[in-house]
Ligand code: NAI
Ligand code: MG
């Protein structure tokens, strides 16, 4: 099988961390029946510098043609004075909307070796492994009409939330498919006691669940879900929710694991394409020093193999290698305690590649 990956390193630490993820992808597929073809492209500030736009037409074409996209991060203080449409972050919004990436998958996994970094008690978070599936292209962030208008002599801001059946069904399917690969539990998070969008959301989730009899579906109101995430997060396997709720809950869940340098993400469309990137930004404060943690990007590459190429076996190998490296006490500066061995970005990449065997 031959697949192509568009690599968009972006800005700041982006090039340093994607380089390590590409090395790991090459190593894990070496000698397998999956042949990867890497294509380099420009996005964000790097694209602005070279082509005058954060999401050039050429990058758009390459993204549409690729089987998957691996992205580093975009942004940096040198771009802060640009007009909004030319800012690096617009490149990210541009590629998400051009590819129609409606499903955002964010795992929150606590590596036992890093248990001390969580803000919660070890017994509450030990073994934590949950997946938040957030709807990414609908809901109140995109709903029309929206604006600020004058009503009875004062200004009023307004937004609109709507979801149609097809939008709910497709994100539901992503959640159930993911649950089939995991512990076969889906918790659908809504506010069905108040919102009509949630009433329909719940109805459609129940309908989708009929196609996945092995998966247990439960429902939870979003306010309770926020509470349960800090009270007893291990009750969850897959959580599926709409855009705004998912924005908040996924940030909350990610912090249970304590370390931004460890958190991958995937954003999928309905053509089987996906964009994979670490959850963190371009970290301009440490860019160019060779000390960034590449593990979030390496774990994003594992998600790429699992979700875009159906190679959960190779993804498992990468995740096991990461765990092994942590067992060895190897840490980049962001996760390093005095007992650990501090390594550079490249040394961390070396160690993961070595641990694959
Ligand atoms: P950030 O995530 O880049 O950095 C926050 C802190 O975490 C910094 O101290 C940084 O050094 C550290 N950090 C982040 N990733 C790390 C890693 N892999 N290894 C070690 N330490 C790491 O967020 P910040 O500082 O708010 O934003 C910096 C720039 O990144 C801004 O221009 C922002 O707009 C952009 N950004 C881009 C995102 C993306 O490309 N998806 C997401 C978030 C921010
Ligand atoms: Mg957010």
Exercise. So which residues in the stretch 320-342 are farther than 12 Å from residue 295 by Cα and outside any helix (DSSP H, G or I)?
Worked result: 328, 329, 336, 337, 338, 339, 340, 341, 342
Exercise. Only one residue in 202, 207, 170 is under 30 Å from residue 125 (Cβ atoms), more than 16 Å from ligand 2 (Cβ to nearest atom) and surrounded by fewer than 21 Cβ atoms within 10 Å (Cβ to Cβ). Which one?
Worked result: 202
Problem set entry | Only listed residue being outside the structural domain of residue 245 (by TED's automatic domain parsing) and crowded, with 23+ Cβ neighbours inside 10 Å, chosen from 35, 63 | 63
Exercise. Going by the conditions given, is residue 285 more than 11 Å from ligand 1 (Cβ to nearest atom) and at negative phi?
Worked result: no
Seminar exercise, completed: The residue from 288, 258, 272, 310 that alone is under 22 Å from residue 117 (Cβ atoms) and surrounded by fewer than 24 Cβ atoms within 10 Å (Cβ to Cβ) is 258
Exercise. Could you say which residue among 75, 91 is within 16 Å of ligand 2 (Cβ to nearest atom) and under 20 Å from residue 284 (Cα atoms)?
Worked result: 75
Problem set entry | residue 249 within 30 Å of residue 161 (Cα to Cα) and either away from ligand 1 (no atom under 16 Å from the Cβ) or not assigned by TED's automatic domain parsing to the domain that holds residue 1 (or both) | yes
Exercise. Just for the stretch 74-108: of the residues that are within 20 Å of the chain's Cα centre (by Cα) and surrounded by fewer than 19 Cβ atoms within 10 Å (Cβ to Cβ), which one is nearest to residue 320 (Cα to Cα)?
Worked result: 96
Exercise. Looking at the stretch 115-137, which of the residues that are under 19 Å from residue 279 (Cα atoms) and surrounded by fewer than 20 Cβ atoms within 10 Å (Cβ to Cβ) is farthest from ligand 1 (Cβ to nearest atom)?
Worked result: 129
Seminar exercise, completed: Every listed condition ((1) in contact (Cβ under 8 Å) with a residue 40 or more places away in the chain; (2) closer than 23 Å to residue 95 by Cβ; (3) surrounded by fewer than 20 Cβ atoms within 10 Å (Cβ to Cβ)) holds for residue 277 save (3)
Problem set entry | Given (1) in contact (Cβ under 8 Å) with a residue 24 or more places away in the chain; (2) assigned by TED's automatic domain parsing to the domain that holds residue 22; (3) in contact with a strand residue (DSSP E or B) (Cβ under 8 Å, 6 or more places away or on another chain); (4) within 16 Å of ligand 1 (Cβ to nearest atom), number of the condition residue 336 does not satisfy | (1)
Problem set entry | Count - residues of the stretch 151-168 that are more than 13 Å from residue 242 (Cβ to Cβ) and either in a helix (DSSP H, G or I) or in contact (Cβ under 8 Å) with a residue 60 or more places away in the chain (or both) | 2
For this session: Test residue 108 against the criterion of being touching a helix residue (DSSP H, G or I) at 6+ places or on another chain (Cβ under 7 Å), more than 16 Å from ligand 2 (Cβ to nearest atom) and modelled with pLDDT under 95, and give yes or no.
Result: no
Problem set entry | Test: residue 264 is in contact with a helix residue (DSSP H, G or I) (Cβ under 6 Å, 6 or more places away or on another chain), away from ligand 2 (no atom under 16 Å from the Cβ) and within 27 Å of residue 336 (Cα to Cα) | no
Exercise. Among the residues of the stretch 253-294, which ones are under 14 Å from the mean Cα position of the chain (by Cα) and in a helix (DSSP H, G or I)?
Worked result: 253, 254, 255, 260, 261, 262
For this session: Look through 308, 254 and report the one residue that is touching a strand residue (DSSP E or B) at 6+ places or on another chain (Cβ under 8 Å) and within 16 Å of ligand 2 (Cβ to nearest atom).
Result: 254
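The values are calculated or read from the model by the stated rules, or taken from the named source; none is laboratory data. On a predicted model such as this, the values are computed, not experimentally measured, just so you know. We place every Cβ from the backbone using ideal geometry, glycine too, and count neighbours over all the protein chains shown.
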